[in-house]
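Presented below is the structure to which this report refers.
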Amino acid sequence: IQPSECLEFAFSFPISGKDALAAATPSVEPNRVGFLGQAVRRRQWQIGQRRFCPACLAEDPYHRVWWDLPAFARCPYHELPIEC
């Protein structure tokens, strides 16, 4: 499932925070991926292997888009290794 398809599905429900959700949802183009007002090279982003910080999930169970950046080996908030 592409991020845009997930966003479209989420918007089919009466939820609040749609603007924040849209900003955090990656916009995938052939050479770049944009999210939260930033852009990275397409090869700097991956979703083939799901990664997460267990402490982040314990605080609030939602996906953080920066988990999809392999350059993040440790959580910047909890200083724990990002797990697969």
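May I ask you to give the percent of accessible area on segment 34-79 that is carbon plus sulfur, with a probe radius of 1.4 Å?
Result for segment 34-79: 53 percent of the exposed heavy-atom area is carbon or sulfur.
I need to check one value: relative contact order of the chain, counting alpha carbon pairs closer than 8 Å and at least 6 residues apart, in percent.
Computed value for the chain: 21 percent relative contact order.
Which of rounded, prolate, oblate describes the chain, given a ≥ b ≥ c as roots of the alpha-carbon gyration tensor eigenvalues and a/c under 1.5 marking rounded, otherwise prolate only if a/b is larger than b/c? Before the final figure, lay out the partial values.
Details: a/c = 1.96, a/b = 1.19, b/c = 1.65.
Oblate, because a/c is 1.5 or more while a/b does not exceed b/c.
Hey, got the dipole for the chain? About the Cα centre, +1 on K and R Cβ, -1 on D and E Cβ, debye to the nearest 20?
360
Which trypsin sites (Lys or Arg not before Pro) in segment 11-66 pass both tests, a DSSP loop state and at most 13 other beta-carbon atoms within 10 Å?
Answer by residue number: ARG50.
Loop-only check: which GluC sites (Glu not before Pro) in segment 18-84 are DSSP coil with at most 14 other Cβ within 10 angstrom? Display every interim value, and only then the final one.
Numbers: sites: GLU59, GLU79, GLU83; in loops: GLU79.
Here the sparse-neighbourhood loop sites are GLU79.
The values are calculated or read from the model by the stated rules, or taken from the named source; none is laboratory data. None of these values were measured; they are calculated from a predicted model. Note: ideal-geometry Cβ built from the backbone for every residue, glycine included; neighbour counts use all protein chains shown. Surface accessibility is based on the protein's heavy atoms, side chains included, excluding ligands, DNA and RNA. Shrake-Rupley method; radii C 1.70, N 1.55, O 1.52, S 1.80 Å.
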